[in-house]
Amino acid sequence: ETGVTQSPTHLIKTRGQQVTLRCSSQSGHNTVSWYQQALGQGPQFIFQYYREEENGRGNFPPRFSGLQFPNYSSELNVNALELDDSALYLCASRRPQGAGNYGYTFGSGTRLTVV
Amino acid sequence: GDSVTQMEGPVTLSEEAFLTINCTYTATGYPSLFWYVQYPGEGLQLLLKATKADDKGSNKGFEATYRKETTSFHLEKGSVQVSDSAVYFCALIMNTGNQFYFGTGTSLTVIP
């Protein structure tokens, strides 16, 4: 297994811009979740995708959107960036339901700084 | 709603000291409980888990027992090492749910 890979590792954007973060999951991991971790805080759930459809969303505005692709990769898009969007963004994926909810693997994250 | 409350940090211990990090949870159903560890500049690594009441999760000398009566999942280690310095997160996920609920994290520093 190659793990969960996120890119880029660091990114600096200007307020108002748009950003796309990428995640490459392990083969067979058809469920992917994205989390936002602000400095000094625990990760907060943004949304989850299962078989390329969103199937759960946390308390984040619509300018946070995502895509999941058949090759087990996914994207997190954030429009109209705000300073408070500065955070570590984590991707987590797991195998199909039978593996249990504890089968998630987290990536190392993308550190986004909005200036 | 579902949530996790974790002991505030930071915690500083001498090598070989005993570690306890408290974690309590609130859940409307039957959660699975986890401890994750985050080293500087890295993502989350699963340390241990427990999926039902009275289960004990253990790994690398760390242990935590799922206590339904006290809604707790405290992390313990008998003798910490410098290499254990990291941030520790307690988390839950409902067995029919799709999101983790994390505590705010406890920073541990072990000094030689």
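The values are calculated or read from the model by the stated rules, or taken from the named source; none is laboratory data. Worth saying up front: this structure is predicted, and the values here are computed from it rather than measured. Neighbour counts are summed over all protein chains in view; Cβ atoms, including those assigned to glycine, are modelled from backbone coordinates with ideal geometry. To get the accessible areas, we keep the full protein, side chains included, count just its heavy atoms, and leave off ligands, DNA and RNA. Shrake-Rupley method; radii C 1.70, N 1.55, O 1.52, S 1.80 Å.
List of remarks:
- Put simply, of B:Asn59, B:Asn95, B:Asn22 the only residue that is without any contact (Cβ under 8 Å) to a residue 60 or more places away in the chain and within 23 Å of A:Arg95 (Cα to Cα) is B:Asn59.
- Residue list for the range A:5-19, restricted to those being more than 13 Å from A:Gly109 (Cα to Cα) and either open to solvent by less than 40 Å² (accessible area, probe 1.4 Å) or not in a strand (DSSP E or B) (or both): A:Thr14, A:Arg15, A:Gly16, A:Gln17, A:Gln18, A:Val19
- Residues satisfying the stated conditions in the range B:88-112, i.e. at the interface with another protein chain (Cβ under 8 Å from one of its Cβ atoms), at pLDDT 95 or above and open to solvent by less than 10 Å² (accessible area, probe 1.4 Å): B:Phe89, B:Ala91, B:Gly103
- Condition met for B:Ala17 (open to solvent by less than 50 Å² (accessible area, probe 1.4 Å) and in contact (Cβ under 8 Å) with a residue 40 or more places away in the chain): yes
- Residues within the range A:61-105 that are hydroxyl-bearing (Ser, Thr, Tyr) and modelled with pLDDT of 95 or more, tallied: 4
- Filtered residue count, the range B:15-56, keeping only those that are on the phi > 0 side of the Ramachandran plot and of a type in the set (S, T, N, Q): 0
- Residue check, B:Gln99 of a type outside the set (Lys, Arg) and either in contact with a His (Cβ under 7 Å, 6 or more places away or on another chain) or more than 19 Å from B:Glu16 (Cα to Cα) (or both): yes
- Residue ID - modelled with the lowest pLDDT, chosen from residues in the range B:20-33 that are open to solvent by less than 70 Å² (accessible area, probe 1.4 Å) and assigned to a loop (DSSP other than H, G, I, E, B): B:Gly29
- Residues in the range A:59-75 that are in a loop (DSSP other than H, G, I, E, B) and either touching a strand residue (DSSP E or B) at 6+ places or on another chain (Cβ under 9 Å) or under 19 Å from A:Val4 (Cβ atoms) (or both): A:Asn59, A:Phe60, A:Arg63, A:Phe69, A:Pro70, A:Asn71, A:Tyr72.
- Boolean, B:Val37 is more than 24 Å from A:Thr105 (Cα to Cα), in contact (Cβ under 8 Å) with a residue 24 or more places away in the chain, assigned to a strand (DSSP E or B) and not hydroxyl-bearing (Ser, Thr, Tyr): no
- Selection of the range A:36-49 for residues being surrounded by 17 or more Cβ atoms within 10 Å (Cβ to Cβ) and either touching a residue at least 60 places away in the same chain (Cβ under 8 Å) or more than 7 Å from chain B (Cβ to nearest Cβ) (or both) yields A:Gln36, A:Gln37, A:Gln44, A:Ile46, A:Phe47, A:Tyr49.
- Flag for B:Tyr36 being surrounded by 21 or more Cβ atoms within 10 Å (Cβ to Cβ), among the aromatic types (Phe, Trp, Tyr) and in contact with a Ser or Thr (Cβ under 7 Å, 6 or more places away or on another chain): no
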